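Have a look at the structure below, then the notes.
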Amino acid sequence: MSVPGTTPGTTPLRLLWLQSGGCGGCTLSLLGAEGPDILTTLRAANVEVLWHPSLSEASGVEARAILTAAAEGRERVDILCLEGAVVHGPGGSGRFHLMAGTGTPMRDMIAAIASHARHVVAVGSCAAFGGITAGGGNPSEAGGLAYDGTAPGGLLGTDFRGAAGLPVINIAGCPIHPGWFVDTLLQIAAGTLTRADLDEWERPLAYTAQLVHHGCARNEFYEFKASAETLGDMGCMMEHLGCKGTQARADCNIRAWNGSGSCLDGNYPCINCTAPGFEEPGHGFDVTPKISGIPIGLPTDMPKAWFVALASLSKAATPRRLKENAARPTPVILPRDKRKTP
Amino acid sequence: MSDDGPAAPGSRLILGPFNRVEGDLEVRIDVADGAVQSARVTSPLFRGFETMLVGRPAADALVYAPRICGICSVSQSVAAARALAGVRAPGQARAMMPANGALAINLVHAIENVADHITHFYLFFMPDFARDVYARADWHEAAATRFRAITGTASAQMLPARAGLMRMMGVLAGKWPHTLSIQPGGSTRPISRAEQARLRLMLAGFRGFLQDVLFAAPLEQVAALSSVAALEAFADGPGARGDFAHFLKIARATGLDRLGVTRLRHIAFGAYPSADGPLFARGVYDAGAGAVAPLPIETIAEDVSHAWYMGAEGGPARPQQGTTLPDMSSDAAYSWCKAPRLGGAVAEVGALSRQLVAGHPLLRDLVAMGGGANAQARVIARLIEVALVVLAMERWLGAVDPAAPFADTAPLADHGEGAGLTEAARGSLGHWLRLEGGRIAQYQIIAPTTWNFSPRDAAGTPGPLEQALVGAPVLPGESDPVAVQHIVRSFDPCMVCTVH
């Protein structure tokens, strides 16, 4: 099918996608891209898939030939994507993931291809920071491409620069929203992605300039500190249910998931999955740790004393509608126009 | 990078990476006289979820388990939630899931399973027929135009239809993959009357794709196909325009029913529960006897004689006692996949197994005529199941009562054992856990592909894929035999689940 290009007249950019210590969920999320679908987007952006483990025809010998040529710099790679963490175990050997058909640690293949690639993209929190794969004592000794959790390090390090001059681009999230990848890809393809388009963790600002809190359908409950008590309640989940939406950097409530959803719309808390170390919150994911009844994780940039003062003030002013509805799964009192007499 | 050369008499080939399977996979085959003589299947990635979960708060399982797998994420959530719900401690209340909770979770689970089946068919399985090895076949040009990887015309129809189906996830589960809406007591997400109507519309849109493009016939007609003769008449008649018939024509031409033949017991844990019992039954089907028997769950044990783990004293361990301790010192080991066995015997799982246990007449006929389970029957079973499940989804959606509760939010018991058994798209999935003081003290998982792609056991008996590959033809000069590609992908393997 012929698709008009977004960057006409240029040589196709070649994309190579590898997977290691992860679940494949970022690719599956990407297959849900809409308006248009991901394959149409790739064609429109003039991006040619050199190899993708879930999409390509090439298997076995053909696939190994492509990867070996890329690792030796004989096959041009404009965009190297890694999905899943880099696996270093056991004992630093990398043998917990020997690339099929080669007997070589996948880690070494990733490093070799990255050394020639124009852009290196970590797709998902595992590839960026280690993510869930690095949780629970990190039995596979997993890490990210440029970070191990919040610590600079990883396979390539924070000083790494792709041939085009950018550090590893971290499209963090568990999983990614398909739009986060598409926005980044379109900017790379158009040659407009610069360091200024990335945040302090080298995540694209296209989605991390926002907080998950922005656009949350529970904002009115938040304003009046009308809180949910159990999962499934309508109220704000910050006070009791561990919601990190006021700190988490992502546009989940502005850019809908699967057409209309988000974690918050699903009635469960934001677990801050775009942040390094989200897998080890130090408390249950749906529990808010508190000191003297005050949540320890307060909104980004908000002085604690002000938060406490405003919270007690707004609690005192909470409309009955919000108070009654907050700890219920469906509303018992609806907004009503006072001009309409019963 | 050894053994890259073409097949010669008495040669060994190392195949991998296998793409268009979920995760990484390596297969070693010994070839002689133009056929595979023996096969060894290696799952090359270890992450260690079972160890990661030990010591964590019980509810953390609902965050970690779905992230085992991005393609069967909901299945992992369902198994974890069910295992937590199954924990009973004396004197502690237990969540009793209301009918709406079961209906909502069935719907969410069904969306994932149906999406997985069509993803497998269009993106993973069919592209192999576009390969140059078939260039001289009279059906090749049409197959390549329609199904070639990345550029085939089918994906431009299938991907939007799949995304449209996934829009139901946005309403019912917040997002996919990795939802937290599935809880031990039900679903966190009530459905309003307006949403119920909107969901019906979304499902109708997806049914339209199935009836126009995949089957070219009403779902009821597909679901009612009851024999091989009826299937052939359908493919040559009313369904001839569809991608399903296109596949059947290619399968006939390539002898796909003679590839990947196994004669094993088929097991299913039971899928989509309701007050009237599961939509697809639990049981074990013996193809030789043509009969279903109750499934002796307590005889499931995992053998690690050929896997890179320390074994338990006394041989194979039941999942309640199992451990996952990496140990690469054994020369006999060749995979991170354990070898689950039922009463010591190899068993196959998947959509075909599920439908054989459930008693679908077409699938039983296909297996009887084919002399065992085979690559063609495995693919047909998935597509028949798509029709059956979408019809069931319409009923479940109609049965939801928006005025009634969707969850029982009673707190979990904090100590005791639980088991969560379900059916993922790829077959039987089980989680077994023990809680102590509200924390996870033991967690073991047996995933569908753990059964199907298991290595040899202590008796030297190969796993299902290892058996299915024996006899597969290897053409002169083939480095990645196409027959092997078809057989491997006919199981729709999920390697990230396999080792977890």
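Every number in this text was worked out from the coordinates using simple rules, so none of it is lab data. Treat the numbers as computed from the prediction; the structure is a model and nothing was measured. When we count neighbours, we look across all protein chains shown, and the Cβ atoms used for this are built from the backbone with ideal geometry, even at glycine.
Computed from phi, the 3J(HN,Hα) profile of segment A:184-197 under the Karplus parametrisation 6.51, -1.76, 1.60 (θ = phi - 60°) reads 5, 4, 5, 5, 4, 5, 7, x, 10, 7, 10, 4, 5, 8 Hz, with x in place of Gly and Pro. Ellipsoid semi-axes for segment A:211-330, based on the Cα gyration tensor and the rule √(5λ), read 21, 18, 13 Å when sorted largest first.
Take the alpha carbon gyration tensor of chain A, find the square roots of its eigenvalues, order them as a ≥ b ≥ c, and report rounded if a/c is under 1.5; if not, report prolate when a/b exceeds b/c, else oblate. Cα axes put chain A in the prolate bin. DSSP bridge analysis restricted to segment A:13-208 gives an antiparallel fraction near 30%, rounded to the nearest 5.
The A:Ile291 and A:Asp199 beta-carbon pair, evaluated with R₀ = 22 Å, returns a calculated FRET efficiency of approximately 0.15.
With the helix formula -39500 (n - 2.57) applied to DSSP H stretches of n ≥ 4, the protein assembly as shown reaches a computed 222 nm mean residue ellipticity of -9000 deg cm²/dmol.
Segment B:168-224 and segment A:187-219 have Cα centres spaced 31 Å apart. Label-to-label distance, A:Ala151 versus A:Ile254, with points set 7 angstrom from Cα along the beta-carbon direction: 3.4 nm. In this structure, A:Thr341 and A:Ala309 have a Cβ-Cβ separation that, at R0 = 60 Å, corresponds to a calculated FRET efficiency of about 0.95. Dividing the mean sequence gap of close Cα pairs (under 8 Å, 6+ apart) by how many residues chain B holds gives a relative contact order of 26 percent.
Name the shape class, rounded, prolate or oblate, that the alpha-carbon gyration tensor gives for segment A:231-276, where a ≥ b ≥ c are the square roots of its eigenvalues, rounded holds for a/c under 1.5, and otherwise prolate holds if a/b is larger than b/c and oblate otherwise. Oblate. Using the average count of surrounding beta-carbon atoms within 10 Å as a protection proxy, the listed peptides B:434-443, A:171-180, B:243-252 rank, highest first, as A:171-180, B:243-252, B:434-443. Within straight-line reach of A:Lys225, meaning a Cα separation under 20 Å, sit the following lysines at least 8 residues removed in sequence or on another chain: A:Lys244, A:Lys290, A:Lys304, A:Lys315, A:Lys323.
With the simple spin-label model, which puts each label point 7 Å out from Cα in the Cβ direction, the A:Leu334 to B:Thr153 separation comes to 4.8 nm.
Note on B:Arg12 and B:Ala410: the extension gain reaches 137.5 nm, defined as 0.36 nm multiplied by sequence separation minus the Cα-Cα distance. Across segment A:125-254, the convex hull enclosing all Cα atoms gives 129 Å³ per residue. Residues whose amide H falls under 5 Å from that of B:Arg148, counting only those 5 or more places apart or on a different chain, are B:Thr153, with hydrogens built in the peptide plane. Sorted into 10 angstrom bins from 0, the C-alpha pair distances of the protein assembly as shown split as 2, 13, 24, 27, 20, 9, 2, 1, 0, 0 percent.
Modelled this way, with points 7 Å down the Cα-to-C-beta line, the labels at B:Glu436 and B:Asp276 are 4.5 nm from one another. Give the separation of the Cα centroids, segment A:64-129 to segment A:33-51, in Å. First find each Cα centre; the distance between them is then 22 Å. Sorting A:Cys252, A:Cys126, A:Cys273 by the number of Cβ atoms found within 10 Å of their own Cβ, with the fewest placed first, yields A:Cys273, A:Cys252, A:Cys126.
For segment B:109-219, the Stokes-Einstein estimate of translational diffusion at 4 °C and a viscosity of 1.567 mPa s comes to 82 µm²/s, using the Kirkwood hydrodynamic radius over alpha-carbon pairs. Shown is the FRET efficiency for A:Lys323 and B:Ala197, computed with R0 = 25 Å from the Cβ-Cβ distance and rounded to the nearest 0.05: 0.25.
Each DSSP beta bridge with both residues in segment A:118-264 is either parallel or antiparallel, and the antiparallel ones are about 55%.
Shape analysis of chain B places it in the oblate category; the axes a ≥ b ≥ c from the Cα gyration tensor give an a/c of at least 1.5, with a/b not above b/c. Beta bridges per DSSP, both residues in the protein assembly as shown: antiparallel share near 75 percent.
Using all pairs of distinct alpha-carbon atoms, the Kirkwood hydrodynamic radius of segment A:13-208 works out to 16.4 angstrom.
Mean per-residue shielding of peptide B:476-487 is 2, counting Cβ atoms of other chains within 10 Å of each Cβ.
Note that segment B:339-409 carries a Kirkwood radius of 14.6 Å, evaluated over its alpha carbons pair by pair.
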